[in-house]
Amino acid sequence: MRNIVIVLIGLSLFWMLGCQQEITHSVSTNPTATEILSENPNADIFQLDDVVYETNIDWVDDLEVTKNNQIGEIKKTFSMKHPLKEFENGDATQLTSGTKIFRVKERGDVLIVEIDGKTKKYYALVEG
């Protein structure tokens, strides 16, 4: 009888310990300009409100959108020649200082800029 009790206790402990689950949480973050530029040094991007926006995305370029209100402008053109300087809000890789940034009426993840009468659409690179 004693052996049966010991075996049952041992099996119970084995079952309880074997059925524990390890719970892990992963946190996704938005891609940074540094990450984007390390994959594509020629990417046409800018950063606004800590979100990086990229252009030349086929399906975004095909969207029909309407310009809304201005929400910002480019402060400076980022140079890869100064790798110690971090990409900041208002920085762009190809847009020039003073370029105005506009919302669109149809979507919250697309912004537009107008350069020499041409419109460029930029898509927010966000995770989740």
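Odds and ends about this structure:
- Considered as a group, the residues in segment 91-120 that are within 16 Å of the chain's Cα centre (by Cα) and farther than 17 Å from GLU35 by Cα include one that is most open to solvent (accessible area, probe 1.4 Å), and that residue is GLY108.
- Scope segment 65-90; condition without any contact (Cβ under 8 Å) to a residue 40 or more places away in the chain, of a type in the set (S, T, N, Q) and open to solvent by less than 80 Å² (accessible area, probe 1.4 Å); matching residues: ASN68, ASN69, THR77, SER79
- Tallying residues that are within 15 Å of PHE78 (Cα to Cα), assigned to a helix (DSSP H, G or I) and at pLDDT 95 or above within segment 30-59 yields 0.
- Total residues in segment 67-90, condition assigned to a loop (DSSP other than H, G, I, E, B) and either at pLDDT below 95 or not β-branched (Val, Ile, Thr) (or both): 14
The values are calculated or read from the model by the stated rules, or taken from the named source; none is laboratory data. Computed from a prediction, not measured in an experiment: that's the story for all the values here. Cβ coordinates were reconstructed from backbone atoms using ideal geometry, including for glycine residues, and neighbour counts include every protein chain displayed. Please note that ligands, DNA and RNA were not included when accessible areas were found on the heavy atoms of the full protein model with its side chains. Shrake-Rupley method; radii C 1.70, N 1.55, O 1.52, S 1.80 Å.
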